[in-house]
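Report on the following structure.
Any read-out appearing in this document is the output of simple, stated calculations on the displayed coordinates, not a laboratory observation. All values reported here derive from a predicted model rather than from experimental measurement. Note: ideal-geometry Cβ built from the backbone for every residue, glycine included; neighbour counts use all protein chains shown.
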């Protein structure tokens, strides 16, 4: 099994998409990239810890590659928005790939450069590519949030449309 740690705005959206994919063993919402030990959701939301909301994805590399995970990553958020995704604003919502090893770093940088060269977006890509320092799992009530809280207003307005769009595009990659 391999691990990937990705930040693409709110971790509820990331988790809800990735957990539906073939080859994904688990997805854990959490925090990474900051300077505060064992941060809480409240601290991270204040934007002073340096942490980003991320998802740690455990995957079977015999079924899905890191590059395949990045295809979804680039699709499910806007990598040209600095420190925000839609109405979620702050460094905690930054676009970031925390690589676990040199191979992931190379794949991430190569993929990002390909998107820049192909001018996929009109604005510059601001996605950070950094080594994973430490991952902290978010509080239990954040895990499987979308599945457990489908009627939540944020889930209805933001998460659900993103998941539905993701499922249409990546239908062939979804768990049965």
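Points worth noting:
- Computed over the chain, relative contact order equals 31 percent, with contacts defined as Cα pairs under 8 Å that lie 6+ residues apart.
- Whole-angstrom Cα spans of region 108-176 along principal axes, big to small: 40, 33, 27
- Modelled label positions at residue 122 and residue 41, each set 7 Å beyond Cα in the direction of Cβ, lie 3.6 nm from each other.
- Highest average packing first - 146-153, 61-68, 26-33, Cβ atoms within 10 Å: 26-33, 61-68, 146-153
- Difference of contour (0.36 nm per residue) and Cα-Cα distance, residue 65 to residue 154: 29.0 nm
- Stokes-Einstein D for region 10-103, Kirkwood Rh over Cα pairs, 37 °C, 0.692 mPa s (µm²/s): 236
- Volume of the Cα convex hull of the chain, divided per residue and given in Å³: 116
- Rg(Cα)/(2.2 N^0.38 Å) for region 79-128, N = residue count: 1.22
- Counted over region 2-173, the DSSP beta bridges are approximately 85% antiparallel.
- Contact order, relative form, for region 93-148: 47 percent (alpha carbon pairs under 8 Å, 6 or more residues apart, mean separation divided by residue count).
- Rh (Kirkwood; distinct C-alpha pairs) - region 39-79, Å: 12.5
- Label-to-label distance, nm, for residues given as residue 101 and residue 130 (7 Å Cα→Cβ offset): 2.3
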